[in-house]
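Report on the following structure.
The values are calculated or read from the model by the stated rules, or taken from the named source; none is laboratory data. The model shown is predicted, which means the values in this text are computed figures rather than measured ones. Cβ placement follows ideal geometry from the backbone for every residue including glycine, while neighbour counts extend to all protein chains displayed.
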Amino acid sequence: MSEEELRQKKVGILGLQFPPAWREREQLATAMKDRTPGTLNETIKGSPAVLVVVYDTKKRAPASEGDVLGMLSLGCVMENMWLMAQELEIGFQIMSAFSGPVQKEVRKILKIPEPMAVSFAVRLGYPAVQPGYVRVRRDIESFTYRNAFGKKW
């Protein structure tokens, strides 16, 4: 779709922002195989701040098997921080590199005691360059209702 159609439909971003190899299924599979994941050092290099969110594994939300509710609550906290960062024009990138075997090293470096565990890690900072693509959001009124489903404000 064109930029104008995107602005009218309000459905996210144009695929044209992605490299050509990512737009075709056959090329994407090859591009993914050829790309090696970056190291943690490369991921955080140049980041003015990295936020590491930890939680106490011995505490859990009541009646929550495996503490699903606790993790959901942490997700809500992260979303609120992300929304505020967006409002302040601060870049906010959740990093998956802190999971798995890296967590042990991070715990050691940051002196995170047992039973605390890393839940999320986020890069924060003001972008050096603003993205050169159109990104739109739907108007809240297009998907919210008042007092009953289908009843517009």
The one condition Glu65 fails out of (1) without any contact (Cβ under 8 Å) to a residue 24 or more places away in the chain; (2) in contact with a strand residue (DSSP E or B) (Cβ under 8 Å, 6 or more places away or on another chain); (3) acidic (Asp, Glu) is (2)
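Keeping to region 1-12, report how many residues are in a loop (DSSP other than H, G, I, E, B) and within 23 Å of the chain's Cα centre (by Cα).
Residues of region 1-12 in a loop (DSSP other than H, G, I, E, B): 1-2, 10-12.
Filter again for within 23 Å of the chain's Cα centre (by Cα), leaving 10-12.
The qualifying residues number 3.
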If we keep only residues of region 108-153 that are charged (D, E, K, R) and assigned to a helix (DSSP H, G or I), then the residue farthest from Pro48 (Cα to Cα) is Glu141
Taking the conditions exactly as written (surrounded by 10 or more Cβ atoms within 10 Å (Cβ to Cβ) and at pLDDT 80 or above), does Val122 satisfy them or not?
yes
